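Below: one structure, written as structure tokens.
The values are calculated or read from the model by the stated rules, or taken from the named source; none is laboratory data. Just so you know, these numbers come straight off a predicted model, no measurement behind them. Counting neighbours? That spans all protein chains shown, and the Cβs are built from the backbone with ideal geometry, glycine included. Remember, those area values only see protein heavy atoms, side chains included, never the ligands or the DNA or RNA. Shrake-Rupley method; radii C 1.70, N 1.55, O 1.52, S 1.80 Å.
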Amino acid sequence: MRTIIQNQQFDEERALYGLRAGDVVDCTFAGPADGESVLKEARGIGVKDCSFSLRYPLWHVDKFHMHDSKMDEATRAPIWYSKDGIISDSDLHGIKAVRECRNIKITDCTITSEEFGWKSQGITVSDSTLAAQYLFLDSRDVKLDKVQMSGKYSFQYMENLEITNSILDTKDAFWHSKNVT
């Protein structure tokens, strides 16, 4: 049976740490306690219509789906060491979003993150806008489709990158990268 957490506000440290088989709906992660790692070590979760304004919310999270949610500029390093996730119709505005992640599918998102996608593998981004300096540093097996990207120093030390139907506004790109299509 899935746990449903709905219409609540959390600001304490590791508020929903280790949540298993749960859905977090219409919740806000912000407040004076300024806690971090609110969903760290969660497994099999859904996050829908949520707002994040705390550091490190989705670290070491496996098998997750985040839909129609917002991570603002205060959401530093929002998604690290996570795998098998889907992020859709969401805004990711925290610095250093998606680092050392595996098998993450991102669709219909607006992303502003200075260091996005570092040291990750199996990332797919489609139908999204992406603004980043140092995009996808040292990542593998990345696919971009229908992405409008702006930034510089993009795609350095990458391997197996496929870009289709996209607009790239970048400079100093693809340094030391292999197998780029």
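Observations
- Top-ranked residue in region 150-163 [being of a type in the set (Ser, Thr, Tyr) and surrounded by fewer than 18 Cβ atoms within 10 Å (Cβ to Cβ); ranked as nearest to Cys109 (Cα to Cα)]: Ser150
- Residue within region 138-149 that is of a type in the set (Ser, Thr, Tyr) and open to solvent by 30 Å² or more (accessible area, probe 1.4 Å) present: no
- Candidate set from region 83-104 (those that are closer than 17 Å to Leu144 by Cβ and aliphatic (A, V, I, L, M)); member that is surrounded by the most Cβ atoms within 10 Å (Cβ to Cβ): Val98
- Within region 36-82, being aliphatic (A, V, I, L, M) and buried (at least 16 other Cβ atoms within 10 Å of the Cβ) holds for Val38, Leu39, Ala42, Ile45, Val47, Leu54, Leu58, Val61, Met66, Met71, Ala77, Ile79.
- Selection over region 2-18 of residues that are within 12 Å of Ser51 (Cα to Cα) and either without any contact (Cβ under 8 Å) to a residue 40 or more places away in the chain or among the hydrophobic types (A, V, I, L, M, F, W, C) (or both) gives a count of 4.
- Neighbours by Cβ (under 8 Å, 6+ apart or cross-chain): first from region 154-175, under 12 Å from Val125 (Cβ atoms) and at pLDDT 95 or above; second surrounded by fewer than 16 Cβ atoms within 10 Å (Cβ to Cβ) and of a type in the set (S, T, N, Q): Leu161/Asn179; Leu161/Thr181; Glu162/Thr181; Ile163/Thr181; Ser166/Gln148
- Taking first residues from region 19-43 that are within 15 Å of Asn7 (Cα to Cα) and of a type in the set (S, T, N, Q) and partners that are open to solvent by 20 Å² or more (accessible area, probe 1.4 Å) and at pLDDT 95 or above, the Cβ contacts under 7 Å between residues at least 6 apart in sequence or on separate chains come to Thr28/Gln9; Thr28/Ser51.
- Which numbered condition His176 misses (of (1) open to solvent by 80 Å² or more (accessible area, probe 1.4 Å); (2) part of a strand (DSSP E or B); (3) over 22 Å from Ile95 (Cβ atoms)): (2)
- Strands (runs of 3 or more DSSP E) contained in region 1-58 and holding at least 3 residues touching a Lys or Arg at 6+ places or on another chain (Cβ under 7 Å): 22-25
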